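Here is the structure we will look at.
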Amino acid sequence: MDIAGTIVEVGSEITIFKKGDRVAALAPGTIDGNPESAAFQLYTVAPETVVARIPDDMPFPNAVVLPLALTTASWALFEPVFLGIDAPSTSSLAPAEYRKKVLLVWGGSSSVGSCAIQLASAAGLSIFATASSENFDYVKELGASQVFDYNDPEVVTNMIEAAQGKKVVGAYDPIASDATTMACAKFLEAFGGGKILTTLPDSSGLVLPEGVERLSGPPPRYAEDGGPTVWQIVWADFMRNGLGNGKLRAKPEPLVLGSGLEKLQEGINMCRKGVSARKIVVELNG
């Protein structure tokens, strides 16, 4: 669902993009069932609402790490039916008192976690993130207030102690395994419960502590009034403005396997084995 490249044609009613624009976009073909709108091909038809120009000096492999991760993080954090955090803007700063509110992001060095930290930090929250020790500096640079080693058997206890005196607004679990979701649940339980947003639905019947609720997508496609959803507004703002003014960074770094459609399966196999603080990218030349 992640693509970046040069526009080769625009629809007759499109006015904000033109042929030759360098863009990154979300390719929703696997959601809407339209093969023309899917990635993993040389040419993709993308909806105008999820296309954004990228800076002239930004390479396509860097830009392509963002669309799906930013979309996923945006709906989970800001849509009222999910965590419902007040959405940030690239043109204004959140009130300083928001820093007293804590959001837990489990898996801060993942692609979705990297975007979630940046967006939640822009929203003024204090972010507790987990990562392996070698990625602590990376996660802090993205905006995490405190980083905890998920390999530490006392990690949940340490986070609970660090959050004393603060308001916990929820947890976001991009990893979405039983173990990570339960760890988030135990953290929330210590503060009276709350919502955990996961990137995958529960398929194992995991029993969570009382007062803790697990939610997952898909995101709403339209707002109640028929206009753009919160995630679409945030996506457009941060992809179209944030990359240019520095409010959004194209992270994690791309790991480019090479060029050609034949590299896609190799990339999928690498994803299944797991990568850390990188996103696998395949270049396609039409």
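What follows draws every value from the coordinates through simple rules; no lab data is involved. This is a predicted model, so every value here is computed, not measured. When we count neighbours, we look across all protein chains shown, and the Cβ atoms used for this are built from the backbone with ideal geometry, even at glycine.
If I take every Cα pair under 8 Å that is 6 or more residues apart in the chain, average their sequence separation and divide by the length, what percent do I get for the relative contact order?
Relative contact order of the chain: 19 percent.
Could you work out the helix-only [θ] at 222 nm for the chain, with each DSSP H run of four or more residues adding -39,500 (n - 2.57) and the total divided by the number of residues, to the nearest 500 deg cm²/dmol?
-7500 deg cm²/dmol, from helical runs alone.
Give me the extension gain from LEU42 to ILE14: residue separation times 0.36 nm, minus the current Cα-Cα distance, reported in nm with one decimal.
Extra length available between LEU42 and ILE14 comes to 7.9 nm.
Give, as ranges by residue number, the residues of segment 122-157 whose backbone N falls under 19 Å from the point 7 Å along Cα→Cβ of LYS186.
128-133, 147-157
Using θ = phi - 60° and the Karplus curve 6.51 cos²θ - 1.76 cosθ + 1.60, what whole-Hz ³J(HN,Hα) does each residue of segment 47-56 get, with Gly and Pro shown as x?
In residue order, the calculated couplings are x, 4, 5, 10, 10, 9, 5, 10, x, 4 Hz.
Using only the C-alpha atoms of segment 69-215, find the volume of their convex hull and express it per residue in Å³.
101
Just to confirm a number: summing +1 for Lys and Arg and -1 for Asp and Glu over residues other than GLY11 whose beta-carbon lies under 15 angstrom from that of GLY11, what do you get?
-3
With a Förster radius of 41 Å, plug the Cβ-Cβ distance of GLU213 and ASP137 into 1/(1 + (r/R0)^6) and report the FRET value to the nearest 0.05.
After rounding, the FRET efficiency stands at 0.80.
Against the empirical 2.2 N^0.38 Å scaling, what ratio does the C-alpha Rg of segment 7-150 come to?
My calculation over the Cα atoms of segment 7-150 gives 1.19.
Report relative contact order for segment 69-215 in percent, whole number only (criteria: Cα-Cα under 8 Å, sequence separation at least 6).
For segment 69-215, the relative contact order is 22 percent.
ARG99 to LYS273: FRET efficiency via 1/(1 + (r/R0)^6), r the Cβ-Cβ distance, R0 51 Å, to the nearest 0.05?
Step by step, r from the Cβ atoms, then E = 0.85.
When the Kirkwood hydrodynamic radius is evaluated over all pairs of different C-alpha atoms of segment 115-162, what value in angstrom, to one decimal, is obtained?
Result for segment 115-162, one decimal place: 10.9 Å.
Do any chymotrypsin sites (Phe, Trp or Tyr not before Pro) in segment 181-254 lie in a DSSP loop with no more than 15 other beta carbon atoms within 10 Å, and if so, which?
In loop regions of segment 181-254 (DSSP not H, G, I, E or B), the sparsely surrounded chymotrypsin sites (Phe, Trp or Tyr not before Pro) are TYR222.
By the scheme Lys and Arg +1, Asp and Glu -1, what is the net charge of all other residues having a beta-carbon under 14 Å from that of GLY211?
With Lys, Arg at +1 and Asp, Glu at -1, the net is 0.
Pop out the ³J(HN,Hα) list for segment 129-134 in order, Karplus 6.51 cos²θ - 1.76 cosθ + 1.60 with θ = phi - 60°, rounded to Hz; leave Gly and Pro as x.
So the Karplus estimates, Gly and Pro as x, are 10, 10, 6, 6, 4, 6 Hz.
At R0 = 35 Å, how high is the FRET efficiency between GLN164 and GLU224 if r is their beta carbon distance? Nearest 0.05 is fine.
After rounding to 0.05, the efficiency reads 0.40.
Residues with amide H under 5 Å of ILE280's amide H, sequence separation 5 or more or different chain, H placed in the peptide plane at 1.01 Å from N; which?
Here LEU255 satisfy the definition.
Give me the net charge of LEU255's neighbourhood, meaning all other residues with Cβ under 9 Å from the Cβ of LEU255; Lys, Arg count +1, Asp, Glu -1.
+1
Too long at a 23 Å Cα-Cα cut-off: which of LYS101/LYS279; LYS100/LYS140; LYS140/LYS263?
Result: LYS101/LYS279; LYS140/LYS263 exceed 23 Å.
Give the Rg (one decimal place) followed by the Dmax (whole number) of the chain, computed from C-alpha coordinates and expressed in Å.
Final numbers for Rg and Dmax: 18.7, 58 Å.
So, in nm, how far is label SER259 from label ASN34 when the simple model puts each one 7 Å beyond its Cα toward the Cβ?
3.0
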